[in-house]
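The structure appears right after this line, and notes come after that.
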Amino acid sequence: MIEKRRKKLGEILIAQGLISQEQLLFALQEHKRTGISFGTILVKLGYISDEELSSVLGQQIHLDHKKRIGEVLIDQGLITECQLKAGLEEQRKTGLRLGKCLTKLGFISESKLADILSAQLDIQHVILDNFVFSQSLLQIIPEEMARKNKVIPLYEKNGVITFAMADPTNLRTIDHLKFKTGKEIEPVIATEKNILNAIDKNYASGLEDMTQLLGEISGHEELDVIKREEDVENLTDEEGAQVVKIVNLLINQAIVEGASDIHIEPLEKYLRLRYRIDGELKEKNPIPLQLRAQIISRLKIMSGMDIAEKRKPQDGRFQIRFQGREVDLRVSSYPVMTRNRGVNEKIVMRILDPYANNLTLNQLGLLPGTLKDFDEIIHKPDGIILVTGPTGSGKSSTLYSALQKIYDISKNIVTMEDPVEFNLDGISQGQITPRSGFTFAEGMRSILRQDPDIIMIGEMRDLETCEMAIQASLTGHLVFSTLHTNDSASAFTRLLDMGLEPYLITSTVIGIMAQRLVRKLCAKCKEPYIAEPELLEKLGIGQEITFYRAKGCKYCNGTGFKGRIGLYELLTPDPNVTKLVLQRVPSEQIKDYLLKRGNFNTLRRDGLLKVINGLTSIEQVLGATQDD
C-alpha cells in the first residue's frame, strides 16, 4: 500500500509537469536503496524544490500500523485527551465523522486532519491551491456534481481518472463518478475548503482568471473615478477594495487598448468580459462567478443606477480621469436569463474618449473627389445634410469632424444630441433628456430661439422633428442630422415614409452621405496578392489586379488589422434626382440613375478603390456593402 502511495505521489508530480517518468523511476530506486523518504529523495536529487513539493502535497506522515484517528491525533500531539473527549461527545450528538467534529470545534485544521487521514488510509494528500487543472478534463463532470460531492478531477492515466475527494472512503460517490465518466476512479484526499475553492476558481473562470488581468494592467496608471456626492460609498473591507480595483483596471485596460465598448455578460460558469476593438468583440480573461454580484453592483453605483432594481433595463453614466484627461462612460444594464442562475444583469459600457477619435475631416478616409464635394456642401449657407448608416458606422464622428471644419467664431453652432458623445470647444451642445421634457421636438423649438447659424440634430426620429428641421433650413439655417438607412438613395424613401411632402425634401436636402466602417490593414505587415479571376468577374473587373490581405505581426497583435477606415457614398441631388423624388419612385431607381450619371461612387465602389490602394481587404468590403 505504501509503495502504491509513493507511485501516486510520483504520478501527481508528473501530471503537474514537475518531474519526468525517468526521474520518478530513478527516485523510487534511490528510495529503496537508501530508505530515505521518497519526497526527500526528489528534493535531494534536485528534481523538485521543497516549496514545489509542499505546494502540491500535504505533510508526509507514515504510520507503522493502523490506529483509530483519535489515537493518531494524540500521538502526533495535534489534540489533547480532553479535546478528543469533546469531539467524541459532539460526534454522538450530531452523527458526523470524528474528524469533522474536531475541525468544527476548532481543535484541528482541515489541512492537518487531511494529512492524518492520508496516512491512515494510505491515500495521497494533495494541496490544490497551485494545481494546474486540465480544462478538457474538468468537462468530464458538471460543476453541480463536483460541488455537491466535493470532488474535482486532477488527471487521467491509462484509462484511470484521479479525483481529489474530501471523503475518499465514500464508495457511493466513487460509484457515481464511475457511472458518469465510464472510467475507473482513483481517489486522493484534499480538504473540503480546498476542493470548493478549486471548483470556484477553475470551473467559474476557465483557463485564466482575474489575477492575469491584474498582472497585465499593473504597469498602467490607475484611473480616478469622478463621483457625484451621492455615489460615495464606504468600502473598507479588503474584498470590496479588490472589486473596486478590478473594475477600475478593466476600464483602464479597455481605454489603453482603444476599445469603444466593454461587455460584461453573465454566463452559467463565469462572467464573460469582452472589449469591442476596431469594431470586433475581443474576449478577455473571464471574471470569476463569485465576483459577479459585487462587480455589477459597483458599476451600477458608479453610474447612478438603482442597485436594488435588477429586473428592468437601466441607463446611467459616469466620468473618469485617465492620464490627465476626462473620459465619459455611458452604461446600460439589461436583465438576461441564465438556465441555472435565474435573472442576471448584462452590463455594456460605451467609452466616450474625446481624444481617441478626435479626427479631422481629412483623416476620415474620404477619397479626394468625395472630400472636395462634401467640403463644398458643408460650407453652404443653408440646407439639410444627412449622414446615414447603421449603428456603429461612424456617423457621429463624421458630423463632429464636419462641425469642427466649419467652426468659426462668427457663427453660432447649436447641437441637440442623445447623448452628447464628445465635447467640442466653442459649440453649444444640448443633451436630450425625455424624462425632464427635453425631447428632440421640444429641443428644436428652443434651438430656433437661440439665434443659430448651424444646427446639428442627433437623429431625425419623428415627423415633428423632421418638419422643424425643414422649417429651420427654409429660414436660412444649415442643418446636420443622421438617419438609419442602408444607402444614400434610401434616405429619400425614409423621409417620405415618415410623412414629409416630396417638395419640402427636394427643396432642403443638399447632400446625403452614406457610410460604413471596415477594418484597416496593418501598414507594417499587409501583403499583396493577385486576385482570383472568378472574384474579379463577380465584381465586374475585367483586368488582372493586385489586392492586399492581412498577414499579422507584433504591431497588430497578429490580427493583420490596425484601426478602421470609412467607406463613403455621397449623393448630391441634381434636377433629375429632384424629379424622381417628386414622383416618389423607389430608391433603387434613384440609385440606377446615379450610376448611369457616372460621377457617383457607391459604398462598394469606394471600398474597392480602398482595396486596390491597400487600405483594407476585399473580405472587409464585401462583408460591409451590397452589390450595386
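The values are calculated or read from the model by the stated rules, or taken from the named source; none is laboratory data. In this text, all values refer to a predicted model and were calculated from it rather than measured experimentally. So basically every Cβ, Gly included, is an ideal-geometry build from the backbone, and we count neighbours across all protein chains shown. For the accessible areas, the whole protein counts, side chains as well, though only heavy atoms, and no ligand, DNA or RNA atoms are used. Shrake-Rupley method; radii C 1.70, N 1.55, O 1.52, S 1.80 Å.
Observations on the structure shown:
- LYS591 vs. criteria farther than 15 Å from LEU535 by Cβ, open to solvent by less than 10 Å² (accessible area, probe 1.4 Å), assigned to a helix (DSSP H, G or I) and out of contact with any Cys (no Cβ under 6 Å at 6 or more places or on another chain): no
- Filter result (over 8 Å from LEU289 (Cα atoms) and part of a strand (DSSP E or B)) within the stretch 267-276: ARG272, LEU273, ARG274, TYR275, ARG276
- Residue check, LYS150 open to solvent by 50 Å² or more (accessible area, probe 1.4 Å), touching a residue at least 40 places away in the same chain (Cβ under 8 Å) and over 33 Å from the mean Cα position of the chain (by Cα): no
- Taken together, GLU221, GLU186 contain a single residue that is at pLDDT 85 or above and not in a helix (DSSP H, G or I), which is GLU186.
- The stretch 491-510, residues that are surrounded by fewer than 21 Cβ atoms within 10 Å (Cβ to Cβ) and closer than 30 Å to ARG564 by Cβ: THR493, ARG494, ILE510
- Filter result for ASN423 (of a type in the set (S, T, N, Q), at pLDDT below 90, open to solvent by 60 Å² or more (accessible area, probe 1.4 Å) and in contact with a Pro (Cβ under 8 Å, 6 or more places away or on another chain)): yes
- LYS201 in a helix (DSSP H, G or I), over 23 Å from GLU268 (Cα atoms) and at pLDDT below 85: no
- Wholly enclosed strands (runs of 3 or more DSSP E) of the stretch 521-588 bearing at least 2 residues hydrophobic (A, V, I, L, M, F, W, C) and closer than 29 Å to THR398 by Cα: 561-571
- Residue within the stretch 595-604 that is among the aliphatic types (A, V, I, L, M), in contact with a Pro (Cβ under 6 Å, 6 or more places away or on another chain), more than 18 Å from PHE547 (Cβ to Cβ) and in a helix (DSSP H, G or I) present: no
- Scan of the stretch 14-30 for residues that are modelled with pLDDT of 80 or more and either in contact with a Ser or Thr (Cβ under 8 Å, 6 or more places away or on another chain) or within 16 Å of GLU186 (Cα to Cα) (or both), ordered by number: ILE14
- Of all residues making up the stretch 153-207, the number that are open to solvent by less than 10 Å² (accessible area, probe 1.4 Å), over 21 Å from SER109 (Cα atoms) and of a type in the set (Gly, Ala, Ser): 2
- Residue check for GLN319: more than 22 Å from TYR270 (Cα to Cα) and in contact with a strand residue (DSSP E or B) (Cβ under 6 Å, 6 or more places away or on another chain): yes
- Scope the stretch 506-533; condition in contact with a Ser or Thr (Cβ under 8 Å, 6 or more places away or on another chain) and without any contact (Cβ under 8 Å) to a residue 24 or more places away in the chain; matching residues: TYR529, ILE530
- Filtering the stretch 419-445 to residues that are without any contact (Cβ under 8 Å) to a residue 12 or more places away in the chain and over 18 Å from LYS395 (Cα atoms) leaves ASP425, THR433, PRO434, ARG435, SER436, GLY437, PHE438, THR439, GLU442.
- Among the residues making up the stretch 79-126, those that are part of a helix (DSSP H, G or I) and within 14 Å of ASN194 (Cβ to Cβ) are THR103, GLU110, SER111, LYS112, LEU113, ALA114, ASP115, LEU117, SER118.
- All conditions but one from (1) under 30 Å from CYS556 (Cβ atoms); (2) touching a residue at least 12 places away in the same chain (Cβ under 8 Å); (3) surrounded by 13 or more Cβ atoms within 10 Å (Cβ to Cβ) apply to LEU536; the one that does not is (2).
- If you go through the stretch 594-604 and keep only what is surrounded by 20 or more Cβ atoms within 10 Å (Cβ to Cβ) and either farther than 25 Å from SER393 by Cα or among the β-branched types (Val, Ile, Thr) (or both), you end up with just THR602.
- For the stretch 68-84, the set of residues classified as open to solvent by 60 Å² or more (accessible area, probe 1.4 Å) and polar (S, T, N, Q) consists of GLN76, THR80, listed by residue number.
- Flag for LYS85 being modelled with pLDDT under 70, over 18 Å from GLN124 (Cβ atoms), over 52 Å from the mean Cα position of the chain (by Cα) and charged (D, E, K, R): no
- When GLY365 is tested against (1) more than 17 Å from HIS263 (Cβ to Cβ); (2) open to solvent by 90 Å² or more (accessible area, probe 1.4 Å); (3) in contact (Cβ under 8 Å) with a residue 12 or more places away in the chain, just one condition goes unmet, and that condition is (2).
- Qualifying positions in the stretch 117-147 - touching a residue at least 60 places away in the same chain (Cβ under 8 Å) and either out of contact with any strand residue (DSSP E or B) (no Cβ under 8 Å at 6 or more places or on another chain) or of a type in the set (Asp, Glu) (or both): ASP122, ASP129, ASN130, VAL132, GLN135, GLU143, GLU144
- Restricting the stretch 319-343 to residues that are over 16 Å from the mean Cα position of the chain (by Cα) and open to solvent by less than 10 Å² (accessible area, probe 1.4 Å), the residue that is nearest to ASP418 (Cα to Cα): VAL327
- Residue in the stretch 278-294 that is open to solvent by 30 Å² or more (accessible area, probe 1.4 Å) and closer than 28 Å to THR433 by Cβ present: no
- Taking every residue in the stretch 182-201 that is free of Cβ contacts under 8 Å to residues at least 12 places away in the same chain and on the phi < 0 side of the Ramachandran plot and pairing it with any residue that is of a type outside the set (Asp, Glu) and in a helix (DSSP H, G or I), at least 6 positions away or on another chain, yields no pair with a Cβ-Cβ distance below 7 Å.
- Pairs linking a residue in the stretch 450-461 that is on the phi > 0 side of the Ramachandran plot to a residue that is in a loop (DSSP other than H, G, I, E, B) and at pLDDT 90 or above, with Cβ atoms under 8 Å and 6 or more positions apart or on different chains, are ASP451/ASN412.
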